[in-house]
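The values are calculated or read from the model by the stated rules, or taken from the named source; none is laboratory data. These numbers come from a predicted model, not from an experiment. Methodologically, a virtual Cβ is constructed for each residue, glycine included, from the backbone with ideal geometry; neighbour enumeration extends over all protein chains shown. The protein model used for the area step is the full one, side chains on, heavy atoms only, and it has no ligands, DNA or RNA in it. Shrake-Rupley method; radii C 1.70, N 1.55, O 1.52, S 1.80 Å.
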Amino acid sequence: MSETILSMRGITKQYRMGDEMQTVLRGIDLDVCQGEFLAVLGPSGSGKSTLMNIIGCLDTPTSGSYNLHGRDVSSLDEDELAVVRNKEIGFVFQSFQLLQRQNSIQNVELPLVYSGMRASERQMRAKQMLERVGLSDKLHHFPNQLSGGQQQRVAIARALANHPTIILADEPTGALDQKTGKQVMSLFHDLNEEGNTIIMITHDISIARHAKRIVRILDGCLTEGVSEDA
């Protein structure tokens, strides 16, 4: 049986809105095993972005426990969370989040810079990751010289660079046309088949169905699976 690498129990998140407390997440329980391809499906306002931020250690829960790769990260301070983000989470964003004045290799190198890897090793690793996503001929291209699909592949290569525990993808096809989106999802399938654990956040059921497992979030509550007529 695969190792459980992410375990959440009773995760809540509240924000103060004026004189009132707004509850965004309501007692989330979630387990993710090594090698899973999980989609978190929910409409705008469902709490999925808040859940993603907690999974990605961009935010901390109001209450509950979050164990990631054998470590309780629910009460870490900001400096400790930054280290966890760098080592454990590979982020893929809808808007790519590439540095416009950096070429493909330099963009992929970024998390390796923060982790303290030597320059020669960084360049070699970045080149390998770009080759893995089919961009061996775009190593020195800048984002404005790449198509949307190519930019997202650079972002995926960057996410892979530190060999993270989890690839966390936020609406990864949201800025792409349908054909290019299918190509990116095919790449995620290949990466998952190679053993990478992927958690994908989406509002789109057709995208969610590319994953091997779906959980639905609505009004801050998580339920397993999705009906066939959804």
**Study point:** Helix-only [θ]222 nm of the chain, DSSP H runs n ≥ 4, -39500 (n - 2.57) each, per residue, nearest 500
**Key:** -10000 deg cm²/dmol
Practice item. Quick one: order 15, 66, 114 from most to least accessible surface, probe 1.4 Å. Key: 114, 15, 66
Practice item. Find which of 152, 27, 102 sits farthest along the positive direction of the dipole of the chain, computed with +1 on the beta-carbon of Lys and Arg, -1 on that of Asp and Glu, about the Cα centre. Key: 102
Revision key, fill the gap. Heavy-atom accessible area of residue 60, protein chains in place, probe 1.4 angstrom, given in Å² to nearest 10, is 40 Å²
Review point. Using +1 on the beta carbon of Lys and Arg, -1 on that of Asp and Glu, and nothing else charged, what's the dipole of the chain about the Cα centre, debye to 20?
Key: 680 debye
**Study point:** region 28-34 - phi-based ³J(HN,Hα) in whole Hz, Karplus 6.51/-1.76/1.60, Gly and Pro as x
**Key:** 6, 10, 7, 10, 10, 9, 3
**Study point:** Relative contact order (%) - region 73-163, alpha-carbon pairs under 8 angstrom, separation at least six
**Key:** 43 percent
Practice item. Only Cα pairs under 8 Å and at least 6 apart count here; give the relative contact order of the chain as a rounded whole percent. Key: 29 percent
Study note, to complete from the structure: If every Lys and Arg gets +1 and every Asp and Glu gets -1 at its Cβ, then about the Cα centre region 152-230 yields a dipole, in debye to the nearest 20, of 240 debye
Practice item. Compute the accessible area per residue over region 25-183, keeping the other protein chains in place, probe 1.4 Å, unit Å². Key: 45 Å²
Exercise for review: From largest accessible area down, sort 69, 141; use a 1.4 Å probe on the protein chains.
Suggested key: 69, 141
Exercise for review: Within region 1-38, list the GluC sites (Glu not before Pro) lying in a DSSP loop whose Cβ has at most 14 other Cβ atoms in a 10 Å radius.
Suggested key: 3
**Study point:** Rel. contact order, % - alpha carbon contacts under 8 angstrom, at least six apart, region 1-126
**Key:** 21 percent
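I'd like the carbon and sulfur percentage of the solvent accessible area for the chain, probe radius 1.4 Å, heavy atoms only, ligands and nucleic acids excluded. Don't skip to the end; give the middle numbers.
On the way: 5110 of 11180 Å².
That share works out to 46 percent.
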Check your understanding: region 107-126 to region 3-40: how many Å between their Cα centroids?
Key -> 32 Å
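Multiplying the sequence separation of residue 29 and residue 144 by 0.36 nm and subtracting their Cα-Cα distance, what value in nm do you get?
37.3 nm
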Check your understanding: Along the charge dipole of region 1-160, Cβ charges K/R +1 and D/E -1, which of 143, 68, 5 sits furthest on the positive end?
Key -> 143
Exercise for review: For 83, 184, give the ranking by accessible area with the largest first, probe 1.4 Å.
Suggested key: 83, 184
Review point. Using a basic spin-label model with each label point 7 Å from the Cα along Cα→Cβ, how many nm lie between residue 186 and residue 218?
Key: 3.4 nm
